[in-house]
Amino acid sequence: MKKTVLFISLSLMISTAFAQNEVEKMLNRFLSYVSIESQSIEESNQESFPLTESQKTMARRVFNDIKSIGKGVEVYLDSDYYYVYVKVPANHKKSVPSVCFMAHLDITFEIKGIGIKPQVHRNYNGEDIVLGNGLVLSPNSVEGMHLRDLVGKTIVTTDGSTLLGADCKAGCGILVTLIEDLANDKKMKHGDVYFVFAQNEETGKAAVHMDMKYFDKKPDILIDVDGDVYGTYSVQNFTAVNRIYYFDGNKVISSHGKENRYADAYTAAAFFIGQLPPEIHPSYSEGRQGYVHCYKMEKIDSLDDMRLFFRIRYFDKSDGERYLAYLDNAFQKTIEAFPFVQAKLEESFKQYDNVAYNMHPSAMEAVQRAAKRCGIEMKPVELRAGTTGALMVAQGMPGGPCIYSGQNAVHSVYEWCCIEELVALTKLCKEIVLEVNVIK
């Protein structure tokens with residue numbers, strides 16, 4: 001489900017020197033988090049919510065780190081689904097919007113995530129980094145081009161055999177440190193600041209078991225700290241609807257098909273897909289154009305049945321309505337063309353929603369003002385993917401931008417991050433809290 005970001009200017013990232021203790025504290029925290037191999041498990045059943053023991057361990061670690069901060073922080077560990085909820089209560093009487101920051105505790109299941117051995121490269125010299133396993137992370141590559149801006153900084157990479165887990169352990173490190181900073185800065189005045197560390201974001205289910213009892217009310221502004229595209233921040237994203245169709249066939253002799261009521265699920269399924277116009281296929285889609293995609297065809301063991309899995313993606317609601325109408329019309333034609341096949345729409349659900357649909361009108365302005373105060377340049381983008389915030393919108397939460405969390409080359413063995421960036425992004429999030437104070 002990826003994502004977006006926030007551009008850290010060269011003046012901030014190269015010229016600004018952070019206290020060494022800040023960098024070392026963040027490095028130690030980040031390394032402790034990536035040492036927990038909290039891979040989630042993909043299951044096609046939207047109702048399932050499996051949790052690995054390492055996901056639970058990661059939740060306990062974050063919970064304990066926040067609990068140790070002490071007075072002024074309310075932290076809860078969901079004993080059923082292992083979300084971590086945090087509230088730093090308002091410390092003044094002025095009525096201001098509340099803000100909620102989010103990150104996720106799990107890491108992707110798409111790449112090997114067992115046996116992670118992070119490599120720390122201090123005072124990076126600007127040259128190729130030998131990862132091991134015969135791989136090199138180069139500043140001249142797509143994966144490593146941002147390294148050109150980070151000479152002299154502290155870079156953490158993989159050893160070339162696994163992912164790193166910076167997606168989203170970087171976000172976790174930033175937000176735990178932010179909570180610590182808010183609790184310790186007694187002079188800083190702010191409204192209610194909430195935090196959610198979610199599970200199963202990588203399976204698209206981070207919002208499924210969100211428990212609103214841990215909020216006094218719905219937060220006004222949502223900030224997703226999980227971006228991976230250097231130089232931008234999201235202002236919109238796809239809405240994602242998934243559909244599953246089932247075609248019930250039978251085993252009969254095809255040469256006497258009519259009298260035996262031959263239900264050919266294979267041909268019916270192919271006919272159904274063929275009724276969709278090619279211009280709504282992903283290969284025709286760019287910019288703000290959406291698509292309809294049958295991404296998986298599954299034969300049911302021991303039967304002549306077929307199951308088809310569809311992704312429907314769009315920015316504008318009118319496009320979504322049009323795409324669903326295409327599917328409905330194609331399905332009706334298939335039923336008429338193959339009357340012996342018992343076909344049905346087995347499941348239809350919205351996975352995530354466009355954050356622009358219900359974003360606070362001043363959310364982006366607050367982020368932009370905070371970034372300016374930090375010396376940061378940003379480019380807004382429309383994201384052809386989803387974010388944790390987008391998952392929350394589908395559950396009725398407010399939308400909000402997704403900002404860079406320092407993760408790079410995610411979902412790959414080239415994954416890496418810069419510790420000084422994590423420190424800088426913590427300060428950016430603190431500035432966002434201050435900027436929310438002046439929203440009217």
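The values are calculated or read from the model by the stated rules, or taken from the named source; none is laboratory data. Owing to the predicted nature of the structure, the values given are computational and were not obtained by experimental measurement. Glycine also receives a Cβ, built like all others from the backbone with ideal geometry; neighbour counts cover every protein chain displayed.
Within the stretch 159-187, which residues are within 20 Å of Glu420 (Cβ to Cβ) and of a type outside the set (A, V, I, L, M)?
Within the stretch 159-187, Gly165, Asp167, Cys168, Lys169, Gly171, Cys172, Gly173, Thr177, Glu180, Asp181 meet the criteria.
Taking into account only those residues within the stretch 241-276 that are of a type in the set (D, E, K, R) and more than 28 Å from the chain's Cα centre (by Cα), which is modelled with the lowest pLDDT?
So in the stretch 241-276, the residues of a type in the set (D, E, K, R) come out as 243, 248, 251, 258-259, 261, 264.
After this cut, where a residue has to be more than 28 Å from the chain's Cα centre (by Cα) as well, the list is 248, 251, 258-259, 261, 264.
Numbers: Asp248: 96, Lys251: 86, Lys258: 93, Glu259: 90, Arg261: 94, Asp264: 95.
In this case the residue turns out to be Lys251.
Residue under question is Gly386, and the condition is that it be over 30 Å from Lys258 (Cα atoms), assigned to a loop (DSSP other than H, G, I, E, B) and under 22 Å from the mean Cα position of the chain (by Cα); does it hold?
Here the answer is yes, as Gly386 does meet what is asked.
For the stretch 82-101, which residues satisfy the criterion of being part of a loop (DSSP other than H, G, I, E, B) and buried (at least 18 other Cβ atoms within 10 Å of the Cβ)?
Correct list: Tyr82, Tyr83, Val96, Pro97, Ser98.
Kindly indicate whether Thr177 is buried (at least 23 other Cβ atoms within 10 Å of the Cβ), under 27 Å from Phe63 (Cβ atoms) and either hydroxyl-bearing (Ser, Thr, Tyr) or in contact with a His (Cβ under 6 Å, 6 or more places away or on another chain) (or both).
Judged against the criteria, Thr177 is a match.
Kindly establish whether Glu286 is among the acidic types (Asp, Glu) and in a helix (DSSP H, G or I).
No: the conditions fail for Glu286.
Step by step: first the residues of the stretch 208-222, then only those that are outside any loop (DSSP other than H, G, I, E, B) and either at pLDDT 90 or above or in contact with a strand residue (DSSP E or B) (Cβ under 8 Å, 6 or more places away or on another chain) (or both), then the one that is surrounded by the fewest Cβ atoms within 10 Å (Cβ to Cβ). Which residue is that?
Taking the candidates together, the pick is Lys213.
Consider the stretch 295-326. How many of its residues are part of a helix (DSSP H, G or I) and either hydrophobic (A, V, I, L, M, F, W, C) or in contact with a Lys or Arg (Cβ under 6 Å, 6 or more places away or on another chain) (or both)?
If we filter the stretch 295-326 for residues that are part of a helix (DSSP H, G or I), which is where we start, we get 317-326.
Filter again for either hydrophobic (A, V, I, L, M, F, W, C) or in contact with a Lys or Arg (Cβ under 6 Å, 6 or more places away or on another chain) (or both), leaving 324-325.
Residues flagged as part of a helix (DSSP H, G or I) and either hydrophobic (A, V, I, L, M, F, W, C) or in contact with a Lys or Arg (Cβ under 6 Å, 6 or more places away or on another chain) (or both) within the stretch 295-326 amount to 2.
Being of a type outside the set (Lys, Arg), in contact (Cβ under 8 Å) with a residue 24 or more places away in the chain and within 22 Å of Lys169 (Cβ to Cβ) narrows it down to one of Gly134, Gly115, so name that one.
Gly115
How many residues are under 23 Å from the mean Cα position of the chain (by Cα) and either without any contact (Cβ under 8 Å) to a residue 40 or more places away in the chain or more than 15 Å from Gln351 (Cβ to Cβ) (or both) if we restrict to the stretch 277-314?
Result for the stretch 277-314: 12.
Inside the stretch 36-81, can you point out the residues that are assigned to a loop (DSSP other than H, G, I, E, B), touching a Pro at 6+ places or on another chain (Cβ under 8 Å) and loosely packed, with under 15 Cβ neighbours inside 10 Å?
Glu43, Gly72
Checking Leu137 against (1) at pLDDT 95 or above; (2) surrounded by 24 or more Cβ atoms within 10 Å (Cβ to Cβ); (3) within 20 Å of Leu425 (Cα to Cα): exactly one of these is not met. Which one?
With respect to (1) at pLDDT 95 or above; (2) surrounded by 24 or more Cβ atoms within 10 Å (Cβ to Cβ); (3) within 20 Å of Leu425 (Cα to Cα), Leu137 is out only on (3).
With the requirement that a residue be more than 19 Å from Ser302 (Cα to Cα) and part of a loop (DSSP other than H, G, I, E, B), what does the stretch 246-260 give you?
Gly257, Lys258, Glu259, Asn260
Taking the residues in the stretch 389-422 that are modelled with pLDDT of 85 or more and polar (S, T, N, Q) as candidates, determine which candidate is nearest to Val355 (Cα to Cα).
Taking the candidates together, the pick is Ser405.
For the condition closer than 26 Å to Val355 by Cβ, β-branched (Val, Ile, Thr) and modelled with pLDDT under 95, what is the one hit in Val84, Val88, Val62, Val96? Give the steps one after another, and end with the answer.
Details: Val84 fails: modelled with pLDDT under 95; Val88 fails: modelled with pLDDT under 95; Val62 fails: modelled with pLDDT under 95.
Only one candidate qualifies: Val96.
Identify the single condition in (1) under 16 Å from Leu222 (Cα atoms); (2) touching a Lys or Arg at 6+ places or on another chain (Cβ under 7 Å); (3) buried (at least 24 other Cβ atoms within 10 Å of the Cβ) that Asp192 does not satisfy, given that it satisfies every other one.
(3)
May I ask you to say which residue of Val156, Val151, Val142, Val120 is among the aliphatic types (A, V, I, L, M), closer than 18 Å to Glu420 by Cα and not in a strand (DSSP E or B)? Steps first, answer last, please.
On the way: Val156 fails: not in a strand (DSSP E or B); Val142 fails: closer than 18 Å to Glu420 by Cα; Val120 fails: not in a strand (DSSP E or B).
On inspection, the qualifying residue turns out to be Val151.
Just to be sure before I move on: is Leu147 at pLDDT 95 or above, in the same structural domain as Trp416 (by TED's automatic domain parsing) and touching a strand residue (DSSP E or B) at 6+ places or on another chain (Cβ under 6 Å) in the structure I sent?
Against the criterion (at pLDDT 95 or above, in the same structural domain as Trp416 (by TED's automatic domain parsing) and touching a strand residue (DSSP E or B) at 6+ places or on another chain (Cβ under 6 Å)), Leu147 does not qualify.
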